[in-house]
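Have a look at the structure below before the remarks.
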Amino acid sequence: MGSRKGLGELLVKENLIEIKQLEEARKEQKKSGGRLSSALIRLGYVRDAELAEFLGQQYNVQTIDLGSFDIDPNAIKMVSRQICEKHSVIPVSKAGNSLVVAFSDLSNMIYIKDDLAILTRHKIEVVVAAETAIQNAIERYYPDGSSKMESVMSDLEDAEESFVVNKATIAEIVDEVGDDEGPIVKFVNMMLAEAIKSRTSDIHVEPYEKRFRIRFRIDGRLVEKVQPPPGAANAIISRLKILSKLDISERRKPQDGRLKVRLRSGKEVDFRVNSTPVIFGEKVVLRLLDKSNLQVDLTKLGLERSQMDVFLEGINAPQGMVLITGPTGSGKTTTIYSGLAELNNPDTNVSTAEDPVEFNLDGINQVQVNPQIGFTFADALRAFLRQDPEVIMVGEIRDLETAQVAYKAASTGHLVVSTLHTNDASATVARLVDMGIEPYMVSEATSLILAQRLIRRVCNKCIADHSVPDEVLINLGVAEDKLGNFKILKKGEGCENCMGTGTAGRVAIFEVMPFNAQVREAIINGATALELKRQAVLEAGMITLRQSALLKLSQGLTTVEEVLNGTLKDEL
């Protein structure tokens, strides 16, 4: 029997499969490009152990059970993973000048045996084992997978073309493993370089059943950049986990880590990395933390003059709670670091509890909490209170314990700055009460609440005048006597800089709710979020998120579509 066709005919002859099943297996083989034996096993027409026993009998070759066999490490060193996976073989033992190799398919045994003899300079003794057992043994004894990835080099090079990156930029990356770069190292370097270059905030590395894709979040919008070959998924993810100091053998639970990319130009960019198990492997998300892009100048955040005055009054108060709210990715970190930079003076003790510490700020005592070892935000807060603080920053109020300690500190002579995930400023009060903070404590200890969002900015490379009907503006919430401010708006026509979208970069919009006597009294009286918002707008002159977005629209910074997508209409 010298061909795969012969194997099929013998199986039919021995009544192990039917002719119809053989035809279906050949169609599957043609589709997948693998071996006939693999197709038969995948379709369930034969069991791999049964097929191994059959082949052993036909060729008068010994059958072995790899699951109960300890493979000789010296034998493994003689044949690369690439060869093993290509031919579904694995060396199992070595004695003198003989090397015993397990085969799962003996159709081309003679040719493969000769190749192995030339490669290893040993006499090859053949045994047969189940295909699944050989695959499992390859994974067990060749854990790094580097040889496997060499076999998909051409596919990766095709995928690399999807990254439009200047080659000099890629060459600047300093890789920890040195200059001997394999295809996976090169691909990951290229991916990180492209992310740094293209205003990316997050990289999503996502394995699925039949495909593997990489998406970049650019200006808040997820964009699919490339689909590497699915066979490269495990190696790419392992490479990212190694760089991030994560446990590559742990695939059953989420892990968090960091990696640093250092360019020869001297620039350093940190990535916050999370791996989470999904049904077809692990999804990895990397968030870029580029300190050179961190804007800590309060005057450049985008606050209106009246909002800036309220914010400065709150963070310069000797005590009280300042809350920055908004969803993930809304720019809260930039705002809170800008406030801390304003307070960072030689005569002020500023301490922060963060998870994780995203940027290092000179002159500020930053603490990384670690709930896995029992070191929580609440624990850090209690420690700070014994270290003579003036200003305390808590990365996020997530639970009642943290909220209680934070509000206790805010009401006993300390300025506390923290974040919450809420929809707007007025909804934050209801969230705190729902967590268990008494309304009187929220009313007395809170200095201000700032809510924010990021909306896309008109591309300054293809910006053009644009007009919108008055009816559209009125529906957005523009008062009729203010329509004159919106006669000439701006819109991007689409260019290379903005990848044809008309928008490039983002601009922040804010809602700053001051805590005057009327707002404090309304909270104590149990006012709803809508009643609080009405009180803050009508009595304290608060600019809502929608109004802030409309101001950016009138200034030519954003578009009607972004106002609609990023904010809700005010119901007062």
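Per DSSP helix of 4 or more residues, -39500 (n - 2.57); summed, then divided by the residues of the chain. What does that give at 222 nm, rounded to the nearest 500?
-11500 deg cm²/dmol
Select from the stretch 523-572 those GluC sites (Glu not before Pro) which occupy a DSSP coil region and have at most 16 other Cβ atoms within 10 Å, ordered by residue number.
Listed in order of number, the matching sites are E571.
Taking a cut-off of 30 Å between Cα atoms, list the lysines near K113, but don't count ones fewer than 8 places away on the same chain.
Straight-line reach from K113, under 30 Å: K5, K13, K27, K30, K31, K77, K86, K94, K123, K148.
Name every cysteine in the chain that ends up alone, with no second cysteine's Cβ under 4.7 Å, or say none.
Among the cysteines of the chain, those whose Cβ sits 4.7 Å or more from every other are C84.
So how tilted is helix 425-435 from the main axis of the chain? Cα-based, degrees 0 to 90, rounded to 10.
Tilt relative to the chain: about 70 degrees.
When the Karplus curve 6.51 cos²θ - 1.76 cosθ + 1.60 is applied with θ = phi - 60°, which whole-Hz ³J(HN,Hα) does each residue of the stretch 374-387 get, with x for Gly and Pro?
After applying 6.51 cos²θ - 1.76 cosθ + 1.60, I find x, 9, 9, 4, 5, 4, 4, 4, 4, 5, 4, 5, 9, 10 Hz.
Would you please classify the overall shape of the stretch 341-390 from the alpha carbon gyration tensor, given that a ≥ b ≥ c denote the square roots of the eigenvalues, rounded means a/c under 1.5, and beyond that prolate means a/b larger than b/c while oblate covers the rest?
Judged from the Cα gyration tensor, the stretch 341-390 comes out oblate (a/c at least 1.5, b/c at or above a/b).
Please list, in order along the stretch 531-542, the HN-Hα scalar couplings obtained from phi with the Karplus expression 6.51 cos²θ - 1.76 cosθ + 1.60 (θ = phi - 60°), rounded to whole Hz, x for Gly and Pro.
So the J values, rounded to whole Hz, are 5, 5, 5, 4, 4, 5, 6, 7, 9, 10, x, 5.
What does the accessible area per residue of the stretch 399-496 come to in Å², with a 1.4 Å probe and no ligands, DNA or RNA counted? Present the calculation step by step, with values, prior to reporting the outcome.
On the way: 4660 Å² over 98 residues.
Ligands and nucleic acids excluded, the result is 48 Å² per residue.
What does the C-alpha gyration tensor say about the overall shape of the stretch 416-572? Classify as rounded when a/c is under 1.5, otherwise prolate if a/b is larger than b/c, or oblate.
It is prolate, given that a/c is not under 1.5 and a/b is the larger ratio.
Taking H placed 1.01 Å from N in the peptide plane, check which residues at least 5 places from G505 or on another chain put their amide H under 5 Å from its amide H.
Residues meeting the criterion, in which the H sits 1.01 Å from N, are R457.
Taking every Cα atom in the stretch 206-287, find the radius of gyration and the maximum pairwise distance Dmax, and write them in Å.
Rg then Dmax for the stretch 206-287, in Å: 13.3, 40.
Expressed as a rounded percentage, what relative contact order does the stretch 270-390 have, with Cα pairs under 8 Å and six or more residues apart?
With pairs under 8 Å counted, the relative contact order is 18 percent.
If you average the C-alpha positions of the stretch 323-339 and of the stretch 506-559 separately, how far apart do those two centres end up, in angstrom?
One Cα centre to the other: 17 Å.
Let me check against my output: what whole-number percent is the relative contact order of the chain, with C-alpha pairs under 8 Å and at least 6 apart?
Computed over the chain, the figure is 8 percent.
Give me the aspartates and glutamates in straight-line cross-link reach of K487: C-alpha distance below 13 Å, same-chain residues under 8 apart excluded.
In chain and number order, the partners are D465, D470, E471.
With a cut-off of 8 Å between alpha carbons and a minimum separation of six or more residues, what is the relative contact order of the stretch 40-153 in percent?
31
Restricting to the chain, compute how many DSSP beta bridges are antiparallel as a %, nearest 5.
On the way: 55 of 85 bridges.
The antiparallel proportion sits near 65 percent.
Place the peptides 245-252, 42-49 in order of packing, highest mean first, counting for every residue the other Cβ atoms within 10 Å and averaging per peptide.
Sorting 245-252, 42-49 by mean packing, highest first, produces 42-49, 245-252.
Sorted by average packing, counted as other Cβ atoms within 10 angstrom per residue and highest first, what order do 455-463, 308-316, 356-364 take?
So the order, starting with the most tightly packed, is 455-463, 308-316, 356-364.
List, in order, the whole-Hz ³J(HN,Hα) value for each residue of the stretch 338-351 obtained from phi through the Karplus relation with A = 6.51, B = -1.76, C = 1.60 and θ = phi - 60°; use x for Gly and Pro.
With coefficients 6.51, -1.76 and 1.60, one gets 5, x, 5, 4, 5, 8, 7, 10, x, 9, 10, 8, 10, 10 Hz.
Just check the chain against the gyration tensor rule for me: Cα atoms, a ≥ b ≥ c as the square roots of the eigenvalues, rounded for a/c under 1.5, and otherwise prolate or oblate depending on whether a/b exceeds b/c.
In terms of gyration-tensor shape, prolate.
The values are calculated or read from the model by the stated rules, or taken from the named source; none is laboratory data. In this text the structure is predicted, and so the values were computed from the model without any measurement. Note that each Cβ is placed from the backbone with ideal geometry, even for glycine, and that neighbours are counted across all protein chains shown. Accessible surface areas use protein heavy atoms only, side chains included; no ligands, DNA or RNA. Shrake-Rupley method; radii C 1.70, N 1.55, O 1.52, S 1.80 Å.
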